[in-house]
Amino acid sequence: MDADTSIVEYFGESISSSCGYCKTTDPDKFTHGMWAHKLSTEDYNALLDRGWRRSGKYLYKPTLNRTCCPQYTIRCDANAFKPTKKHKRVLKIVQDYLATGKQPNKCAIPATGGDRAESHEMPLTKATSNSVVDTLKQGTVATCEPAAEQTTAASENKPKDHVAPKEVCSEDAAKTSTATRQPRLGKKKEMRKQRALQRLAKKGIDAETAQNMRLAKVPQPKSLEDRLEQSPSSKPAHRLEIRCEPVKSAAFKGTLTESFSVYRRYQMTIHHDAATDCDKGSFVDFLEKKPSSSCADFAGFGSFHQQYVLDGKIIAVGVLDILPRCVSAKYFYYDPAYQFLSLGTYSALVEIALVRKLAKIVPALRWYYMGFYIDSCPKMRYKGRYLPSDLLCPETFTWVPIEKCLPKLAVSKYARFASNDIASTEEDTNIDQVIVLCNGLVSTYEALCQLKNRTVQDGAEVQEYARLVGSTCAKRMLLYRQE
C-alpha cells in the first residue's frame, strides 16, 4: 500500500434536525458522509469535483434533490477574474485606512452581502510542509490582460458646433449649412495630423512608431495585484502583513491562542454562538485532526491558515486547502472590531491573488473554490459576484457558467445545469473494482466477496459509495470494511 493512499470509511445518508441556511423548524437536510482516516490532496481535489466538502476529517456530500437548501459547488477562474466596482471600493477602503487610520463613513461601506464563513462548520486541519512560504515567494506577480481600449465619437461628448441661425427656416437651408461645415472640420483635423507627422518625420520618427508611442501613453487598467499593494507612504498609520502558515507548523502553534481568541469573538458576535460552544479545547482538538497525507509533487499542497496581521495583531484568519488544481476557501473569521473594513470581501480578493500567484508555479492550479453556492439563501448569493464562476452540475459533474445556471434555479431550487446531450455520470460503477481494506488486507471488493460472504446490504452500501465518489476515486481510495 502506497504511503499516499487514501483510506475512507463510508457512513451512508443522514438527516439533520436543523439547517443553518433556511432556519426552518422542520428542515429536510440530507447528506451522505464518510470519515477520512487519511486523504491525499489529489483525492480530495477529485472529491470536490464530485460535490464533496470536508469539515476536519469528516467528508460530506449534500443530497441536492432531497435537501431543503441545495448546495452547489462553485469555483472562480482566478486568472480571468476582474474585480467589480464594489470590490475596488473595498480595496480602497482598506488602503485608505492603512494610510491614514481614518475609518470610512457607513455610507461609503459597500453592501457586499453575505458572510464568507459557513456557520455550520469549524476551521479545518491538514499537515503540510513548512516550505510553503518559500514556494509562494518563488511565484511572480500575475497581471490582468489590459482591457480592450474603448473609444467614443467626439461628437457624443461635445456640444454641437453649429446651430442654424433663427432666420434660416428652410429645411434645405439647414441641410446645406450642416453639409458645408462637416467636411471643413474633418479637413482641419487631417491638416493638424499631417503637420504633426511632418514634425515627427524631421526627428526620424515614422507614422507607425508615432502610433505606438501614442498607445503607450494610454493608462493601462490596474491589475488586482496592483490594487492590493499597500500605498507607499513614509509614515503609514497602520501596517498590514499577510502570512500563510501551514497547519501544525511552529509559527502556527505559536499563534494558536491569539487566533482562537479572534475566532471566539467572531463566533459569539457575528453568529451569536454561546460561550460554551466556543471553548478552546474543542477548537484545538478539531485543528489537530489531519486527514491529508503528504504529496511529493509539490511541497506547497496542504492546509493553511492565512493570517491578517495588523500592527502585529491578528485581526482575521482564512482557512485554506491548497490542492493540485485549486485553492479551496474553507472558513474565514475576523475580529468584529474591524467589521468596517469588509474583511470577508477583502480576504477573498487576497485569496484570488494567491491562486494567480500559485498558477505561475503550477499552471493547473488556477481555480478558486468558494465552497457551496446556495441560491435559496440570499446571504450566500454573494459568491456569484466573483466572475467568471461556474457551478457544478449535480448529475453530469461538469462545470457550467453561473449565468446559465441562475435562470434554472429561479424556476426550481434543484436543477440539472448541463445540457441534455451530455451524459450523466451517475451511472452505476462496477463494485467488483472498488478497492477495499479489510483486516489489513487490500483487495478488490470482488476478491473480498470470494474470501468472505458479504450481505446484500453491504453490497448496496458499497455500490452507493462508488456512485457518489466516482469511478476514479472508487478504484484508487481504500474503502474500509469491517469483518
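Among the conditions (1) under 19 Å from Glu13 (Cβ atoms); (2) of a type in the set (A, V, I, L, M, F, W, C); (3) surrounded by 12 or more Cβ atoms within 10 Å (Cβ to Cβ), Leu437 misses just one, which is (1). Taking the criterion of being in a loop (DSSP other than H, G, I, E, B) and among the basic types (Lys, Arg), the residues of segment 1-54 that qualify are Lys23, Arg50. Just one residue in the set Gly33, Gly56 is touching a residue at least 40 places away in the same chain (Cβ under 8 Å) and in the same structural domain as Leu310 (by TED's automatic domain parsing); that residue is Gly56. Restricting the first member to segment 199-210 and to residues that are touching a residue at least 12 places away in the same chain (Cβ under 8 Å), and the second to residues that are surrounded by 10 or more Cβ atoms within 10 Å (Cβ to Cβ), the beta-carbon pairs closer than 6 Å and six or more apart or on different chains are Ala210/Leu200. Sort out which residues of segment 1-31 are touching a Phe, Trp or Tyr at 6+ places or on another chain (Cβ under 7 Å) and either under 27 Å from Trp399 (Cα atoms) or of a type in the set (A, V, I, L, M) (or both), and write them in order of number. Selection gives Ile7, Val8, Tyr10, Glu13, Ile15, Thr31. For segment 345-392, the tally of residues that are in contact with a Pro (Cβ under 9 Å, 6 or more places away or on another chain), within 20 Å of Ala316 (Cα to Cα) and either part of a strand (DSSP E or B) or among the polar types (S, T, N, Q) (or both) stands at 1. I'm trying to understand the selection: among the residues of segment 6-30, which are without any contact (Cβ under 8 Å) to a residue 40 or more places away in the chain and closer than 30 Å to Leu437 by Cα? Phe11, Ser14, Ile15, Ser16, Phe30, listed by residue number. Count of segment 331-340 residues, restricted to those that are outside any helix (DSSP H, G or I) and surrounded by fewer than 24 Cβ atoms within 10 Å (Cβ to Cβ), is 3. For segment 231-269, filtered to residues that are in contact with an Asp or Glu (Cβ under 7 Å, 6 or more places away or on another chain) and more than 16 Å from Ile315 (Cβ to Cβ), the residue that is surrounded by the most Cβ atoms within 10 Å (Cβ to Cβ) is Phe252.
The values are calculated or read from the model by the stated rules, or taken from the named source; none is laboratory data. These numbers come from a predicted model, not from an experiment. Neighbour counts run over all protein chains shown; Cβ positions are idealised from the backbone, glycine included.
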